[in-house]
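No value in this document is a laboratory result; all are computed from the given coordinates. Bear in mind that the values here come from a model prediction, so they are computed numbers and not experimental data. Because the Cβ atoms are built from the backbone with ideal geometry, glycine has one as well, and the counts that use them run over all protein chains shown.
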Amino acid sequence: MGNMMAKPKILVVEDEASIRKIVQTYLESAGFSVTCVDNGRDALTLALSNPPDLVVLDLNLPGMDGMEVAARLRESSDVYILMLTARGEEADRVAGLRLGADDYLTKPFSPREMVARVEAILRRQRDVGGSRQDHTLRFAHLVIDLDRHEAVVAERPLDLTVTEFQVLWALAASAGRVLTRDQLLTQVWGSSFYGNDRVVDVYVGQVRRKLQEQSDAPMIETIRGIGYKFVDPKQT
Ligand code: CA
């Protein structure tokens with residue numbers, strides 16, 4: 001990190017003291033500036049007065065629940081949100097991702113995994129938020145050049161159609177974050193597309209097959225019932 005970059009600020013919203021402490025400890029060790037609160041109202045107040053770069057948000061909070069906190073945060077900011085959910089909250093996860101959460105972790109989770117997710121989300125923020133016009137994405141096994149419409153795996157270009165390339169670009173540009181089928185539809189086909197969102201599954205399937213022909217590294221994860229996530233295998 002360059003010296004221009006201040007420590008990224010993380011706001012942790014979690015009512016269970018033991019989890020809050022673990023999350024804080026691991027994030028601070030990883031070099032983040034961490035503030036913790038145990039309820040939604042304090043989270044919103046703090047997010048307004050001292051906007052964080054990312055919010056780690058427990059979904060199941062007493063009083064104002066995490067879903068409402070996420071919705072209210074989204075009214076006024078584009079802050080990144082990593083949701084913490086309990087097992088069996090599949091419907092909540094889907095709703096949370098649709099509300100604009102960027103990724104989620106299911107409890108119990110590994111603190112190291114949590115730090116890796118936070119870093120992945122913020123890395124994307126730097127990549128797309130930087131002023132440099134970088135139209136190339138580089139991963140351990142894959143390089144994608146937007147201007148040349150070329151994706152290279154193991155030094156060999158993939159034979160992708162235009163739409164397949166766009167699907168891969170959309171996923172890779174959001175590396176580490178879950179994209180819902182709706183988000184992929186909007187990004188690749190545009191918001192005027194009225195077809196079935198299963199078209200997304202078809203294209204992702206084709207892209208994945210072509211990637212696998214040239215590399216064993218799993219790069220596109222299926223998030224059941226929600227969508228897909230591009231992962232850089234060197235990070236896992
Ligand atoms: Ca809780």
Handout entry: Separation of the S33 and D197 label points, Cα + 7 Å toward Cβ, nm
Key = 3.7 nm
Completion exercise
So, with points 7 Å from each Cα along the Cβ direction, the E155-L105 label distance in nm works out to 3.8 nm
Fill in the blank from the handout: Inter-part gap, Cα centre of region 134-182 to Cα centre of region 28-49, in whole angstrom, is 34 Å
Exercise for the section: Would you mind telling me the antiparallel percentage of the DSSP bridges in the chain, rounded to 5? Expected result: 45 percent
Completion exercise
Within the under-15-Å Cβ sphere about S18, not counting S18, Lys/Arg +1 and Asp/Glu -1 give a net charge of -2
Handout entry: Hz values of 3J(HN,Hα) by residue in region 45-53 - Karplus curve (6.51, -1.76, 1.60), Gly and Pro given as x
Key = 4, 5, 5, 7, 7, 9, x, x, 7
Exercise for the section: Give me the angle, in degrees from 0 to 90, between the Cα long axis of helix 17-29 and the longest principal axis of the Cα atoms of the chain, rounded to the nearest 10. Expected result: 60 degrees
Completion exercise
The relative contact order of region 9-127, taking Cα pairs under 8 Å that sit 6 or more residues apart, comes to a percentage of 24 percent
Practice task
For region 136-235, just list the percent of Cα-Cα distances falling in each 5 Å bin from zero outward, please.
Solution key: 2, 13, 27, 27, 19, 9, 3, 0
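Normalising by the residue count of region 136-235, find the relative contact order in percent from Cα pairs under 8 Å and 6+ residues apart. Each step should come with its number before you reach the end.
Numbers: 136 pairs, mean separation 31.6, N = 100.
Result for region 136-235 is 32 percent.
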Handout entry: Relative contact order (%) - the chain, alpha-carbon pairs under 8 angstrom, separation at least six
Key = 14 percent
Problem - Degrees separating the helix 111-129 axis from the principal Cα axis of the chain, which is the longest one - result: 60 degrees
Fill in the blank from the handout: Taking the reciprocal of mean 1/r across every pair of different Cα atoms in the chain, the Kirkwood radius in Å is 18.8 Å
Practice task
Quickly estimate the mean residue ellipticity at 222 nm for the chain, helices only: each DSSP H run with n ≥ 4 gives -39500 (n - 2.57), and the total goes over all residues, rounded to 500.
Solution key: -12500 deg cm²/dmol
